[in-house]
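Colleague: Before I ask anything, here is the structure I am working with.
The values are calculated or read from the model by the stated rules, or taken from the named source; none is laboratory data. Worth saying up front: this structure is predicted, and the values here are computed from it rather than measured. Here the Cβ positions follow ideal geometry from the backbone for every residue, glycine too, while neighbour counts run over all protein chains shown.
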Amino acid sequence: MERTVPTTESEEVELYTRTYYSLLRSSAEVKIRTLEEVHAGMNSLLHPDAREPFSDMSAFFYSILRLPSCMPEVKRVVLGQNAGVFFQSGVGDILEWKEVYSVARRRRSFFDGKDTLACFIASRSDIDDMIPLLTAYQIEWNKLHYRIRRLSGALDQGGFSGSLVGFNRLRDLLEIPEEDFDRLHAIWDRDLETNLAHIAQKPCDLKVHLLSGSLSEYRRARNAWWENIERARPDISERPIYFVSSNNHSLANLLSGFALQQPALIEFLDQPGYAGLRNEWADIQKSQTSSSRENFLYYLLRKAEQDKKGQYLIPQQHEYENQNGIARIPSKRSFDVEAQVIEIARLNLAAADPRLRLSANVQKLQTSEALILNIDYPLGLAAYDILAEISSNVGGVLGVYVMGKAATLNAVIGDVMISNVVHDEHSRNTYLFGNCFSAAKVAPDLVFGTVLDNQKAVTVQGTFLQTADYMDVFYREGYTVIEMEAGPYLSAIFEMYRPTRHPVNEIIDLHSAPFDIGMIHYASDTPLGKGKNLGAGSLSYMGMDSTYAASLAILRRILALEIERLSSQPGG
């Protein structure tokens, strides 16, 4: 069959990845400085102005949102697969360090309080993510540093201080657009003055050290992750499952209905900073907006639990979920992928989200032995490793459903894309499959966006590892969805019912898979519209619309299939 996608990756991207992998083989630390030129020469779609003297603020925003907030103090970044690797390499017991977080990337990270950041990596994709992030961060930090140094006389003369007038003067002297400076202020918030002082004081000169890049260590981390789930649910090895890769909130919220039964949540709207949400809630109450009442309450629950005054809700929510068959299993000592084991027979569907629109035969679910295994979506190749591990250790797989974020070349932020063709840059395979979802399954619950089905997706190695010219080639061939997990998941699916390992550089038809396959992506980035992305902060209320529309479609599909399966059994 004739291929309709490029057969070789961008030469610039290939040179970049080959360079940093060869450097990371060293037993010594590698200076990020040695990668700056090859990074800039790649002409990344996300960092087009890397070589320019002026700041590429969009690339800087993208980096700082995906790196921990302690980065201004960090000089050394150490990467390893599990806590044992760090300890055996002499870094220390990093689990005793302070755990740190980033706004827009889940990666278990620990800071020693001085200058060292330790990060868990789950697969090669984490390296393809971290190295470009660190390099882009350093390039843009140093542009600002040297510009501030050159302007030091003007700043001293103008009396720069942490005042609004001082910030505005600094913005004008640095020639940073007001919109970009406001975004920087929104991201750093109270740390803005401190971080600007850090930038002024010293250039960024990061070092990175990969402790072990062996395949066996990745397998060990994956096995430890699964063993943690097996200890919590020993019966999972004997029971059939519906596998879902999504997030750690939407399925639990929809099935438990916890947020819908908490009238005290509305009291949080009286706090300062909630004016916009107060107005939205008033409009919902008066039916003056098409916004979803349920989505609003789910978002408000999330906001409340992030507030010190609302943290009491977290144990209450988890206890309520446990009582109704939803068990959360956090990851321990390895990569950050939380799992939820949902026992269908124990669900209290009378309290669930009414938009599930359950059938009259819903009582049959009380006899189900099946589980829903939902994981917080992993990054890149970790998806293949995790699904391969799960499928080898459960009683059977009844369906595989993937919901995730993606960049889009033809839609707008918040739209939903449903693909039935995926080209995987890891395996170079092009997968054709019957996606169980269509626009009609999602559109009724999508208020603000549009559903585009029959799309074609490309799974890239990393967000920075794509160039405008290369993406243009894909766009001309009809590939409009850019994401990181679909290809690895489909490679694992191939091995779940074929007797061989997935091939390389072939067109593969998965229509004969003996179980359900469903993939939905929602648009979080528009890379052709520079710097515009849903990941610019934490999940916004508007972002809930596409997330929950997709989650509702997935749950309706699973519950309908399970009712059908139970009805077809003898005595059903």
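Colleague: Taking the stretch 35-71 as the search range and keeping residues that are part of a loop (DSSP other than H, G, I, E, B) and of a type in the set (S, T, Y), which one is surrounded by the fewest Cβ atoms within 10 Å (Cβ to Cβ)?
Modeller: Among them, the one singled out is S69.
Colleague: Can you report the number of residues in the stretch 175-217 which are closer than 23 Å to A104 by Cα and of a type in the set (S, T, Y)?
Modeller: Summing the residues that are closer than 23 Å to A104 by Cα and of a type in the set (S, T, Y) in the stretch 175-217 gives 1.
Colleague: Can you tell me which of Y242, Y274, Y218 is of a type in the set (S, T, Y), over 23 Å from L371 (Cα atoms) and crowded, with 20+ Cβ neighbours inside 10 Å? Before you say what the answer is, go through the steps one by one.
Modeller: Numbers: Y242 fails: over 23 Å from L371 (Cα atoms); Y274 fails: crowded, with 20+ Cβ neighbours inside 10 Å.
None of the other options fit; the residue is Y218.
Colleague: Something else about it: From the list L387, L379, which residue is among the hydrophobic types (A, V, I, L, M, F, W, C), in contact with a strand residue (DSSP E or B) (Cβ under 8 Å, 6 or more places away or on another chain) and assigned by TED's automatic domain parsing to the domain that holds H511?
Modeller: Details: L379 fails: in contact with a strand residue (DSSP E or B) (Cβ under 8 Å, 6 or more places away or on another chain).
Sole residue among the options that is among the hydrophobic types (A, V, I, L, M, F, W, C), in contact with a strand residue (DSSP E or B) (Cβ under 8 Å, 6 or more places away or on another chain) and assigned by TED's automatic domain parsing to the domain that holds H511: L387.
Colleague: Same structure again: Could you tell me whether the stretch 286-300 includes any residue that is hydrophobic (A, V, I, L, M, F, W, C) and touching a residue at least 60 places away in the same chain (Cβ under 8 Å)? Write out each step before concluding.
Modeller: Restricting attention to the stretch 286-300, the residues satisfying the condition of being hydrophobic (A, V, I, L, M, F, W, C) are 296-297, 300.
From what's left, touching a residue at least 60 places away in the same chain (Cβ under 8 Å): 296.
Taking every residue of the stretch 286-300 in turn, at least one turns out to be hydrophobic (A, V, I, L, M, F, W, C) and touching a residue at least 60 places away in the same chain (Cβ under 8 Å).
Colleague: Right, next: Surrounded by fewer than 22 Cβ atoms within 10 Å (Cβ to Cβ) and either aromatic (F, W, Y) or more than 21 Å from L398 (Cα to Cα) (or both): is that true of F437 in this structure? Full working, then the answer.
Modeller: Numbers: surrounded by fewer than 22 Cβ atoms within 10 Å (Cβ to Cβ): no; either aromatic (F, W, Y) or more than 21 Å from L398 (Cα to Cα) (or both): yes.
Taking the combined requirement at face value, the residue does not satisfy it.
Colleague: Additional query: Given the residues Y312, Y320, which is the only one that is touching a helix residue (DSSP H, G or I) at 6+ places or on another chain (Cβ under 8 Å), under 16 Å from Q261 (Cβ atoms) and among the aromatic types (F, W, Y)?
Modeller: None of the others qualify; the one that does is Y320.
Colleague: Could you tell me which of the residues L432, L373, L398 is at pLDDT 95 or above, over 24 Å from Q340 (Cβ atoms) and surrounded by fewer than 24 Cβ atoms within 10 Å (Cβ to Cβ)?
Modeller: Values: L373 fails: over 24 Å from Q340 (Cβ atoms); L398 fails: over 24 Å from Q340 (Cβ atoms).
Residue meeting the stated conditions: L432.
Colleague: Let me confirm something: among D516, D472, which residue is free of Cβ contacts under 8 Å to residues at least 40 places away in the same chain and either under 26 Å from the mean Cα position of the chain (by Cα) or loosely packed, with under 14 Cβ neighbours inside 10 Å (or both)?
Modeller: On the way: D516 fails: free of Cβ contacts under 8 Å to residues at least 40 places away in the same chain.
Just a single option satisfies the conditions, and that option is D472.
Colleague: Taking strands (runs of 3 or more DSSP E) that do not extend beyond the stretch 390-434, which have at least 1 residues that are acidic (D, E) and in contact (Cβ under 8 Å) with a residue 24 or more places away in the chain? Outline the logic, then answer.
Modeller: Working: elements: 396-408, 416-424, 430-432.
Correct list: 416-424.
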